[in-house]
1. For residue 221 and residue 7, FRET efficiency with R0 = 41 Å and r from the beta-carbon atoms, rounded to 0.05?
2. Taking only DSSP H segments of four or more residues, each worth -39500 (n - 2.57), what value at 222 nm results for the chain once the sum is divided by all its residues, to the nearest 500 deg cm²/dmol?
3. Largest first and to the nearest Å, give the Cα extent of segment 161-282 along each principal axis.
4. Could you give the length gained on full extension between residue 228 and residue 59, defined as 0.36 nm per residue of separation minus the Cα-Cα distance, in nm?
5. In whole Hz, with x marking every Gly and Pro, tabulate ³J(HN,Hα) for segment 33-39 from phi via Karplus 6.51 cos²θ - 1.76 cosθ + 1.60, θ = phi - 60°.
6. Could you check the simple spin-label distance between residue 139 and residue 27, using points 7 Å along Cα→Cβ, in nm with one decimal?
7. Using Cα centres only, tell me the gap between segment 41-57 and segment 238-253 in whole Å.
8. Could you give the length gained by full extension between residue 202 and residue 34, i.e. 0.36 nm per residue of separation minus their alpha carbon distance, to one decimal place?
Amino acid sequence: MNQAANQSFDVEIRDVVYLDKAGAPLEARMYLPRGEGPFPLIVEIHGGAWCRGSRLDEHTLNEALAKRGIAVAAIDFTMPPAASYPASLCDINFAMRWVKSTAAQWRTRPELVGLLGVSSGGHQAIVTAMRSRDPLFAVEPLPLALAQTDAGLNADIDARAAFVVACWPVIDPLGRYLYAKALQSSGKPYPPAIDRVIPDQEKYWLTEDAMAEGSPAIALERGEPFDMPPVLYLQGEDDIVHPRAQLERFVTAWQRAGGNLTLRLYANEAESFITKQLDSAGTANAIADIGDFVLQQTETILAASLS
């Protein structure tokens, strides 16, 4: 992978259907570096407070990563009003297994597949990684044609991630909901996003109990057993939509549990800076940090496979 780290790749971009749910196809936009590989592959989960957005949202980020030799599968998933929690997490869990079962098509390997998510997508990336074999999410079986390869049946393929990149995740949905409600009740000025995220959270989660059940920060504090792949956690220092105190709670709990987590904070950057401030120094640094992290994790995995 040293070659990939120092090379700019041409990129093939195409859309494929990864899951057809009762005639409602879900697509992935594939960003594929041209070359032999094996390349790491990121399943990318867009933001939008669980209710808005599409696989096209992070095009600039995904294309930049592919040019560094990192394949990306940017996915659509089920959102309200079609279905609420946990429908999207079931789709994401399936997408991870789908990518692994078709890894050779994307010039990757199953053990090189990780997750990247933005805001609510960052939350879903962390949950998917932590609870990769949870029967609440692993409900869609792989089609037999994908579950069987030259090596035999792969029905045991799961959604475990090699690594996770979490860009300003909503790391505690219940805590963020209560925080947003308090900001709103205190009166303006507050970020316009607050007026959007409150109804979106209510549409997706339906109840505060569900927000707590699906909270990575609360789960860690309860001491529940989870998968803990290496994590890169990014956030702007001026972000007040994703409370800093909740970030610090999660980072402390993850590290206390023995997890490997790298935190990157970017000065003078607010929420969603990578996707909104495309020309800022913080965005350029963050995209470089993401690429460096993924390629480093890939080198470590490939080196271990040879030892």
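All of the numbers you see were taken from the coordinates with simple rules; none came from a lab. Just so it is clear, the model here is predicted, and its values are computed rather than measured. A quick note on method: Cβ atoms are made from the backbone with ideal geometry, for glycine too, and the neighbour counts reach across all protein chains shown.
1. Working: r = 43 Å, r/R0 = 1.04.
Step by step, r from the Cβ atoms, then E = 0.45.
2. Working: 12 runs with 126 residues, N = 307.
It lands at -12000 deg cm²/dmol.
3. Principal extents (largest minus smallest coordinate, Cα): 41, 39, 21 Å.
4. So the extension gain works out to 58.1 nm.
5. x, 7, x, 7, x, x, 9
6. About 2.5 nm separates the two model spin labels.
7. Rounded to whole Å, the Cα centres lie 21 Å apart.
8. Values: separation 168, 0.36 × 168 = 60.48 nm, distance 4.24 nm.
Full-extension gain reported as 56.2 nm.
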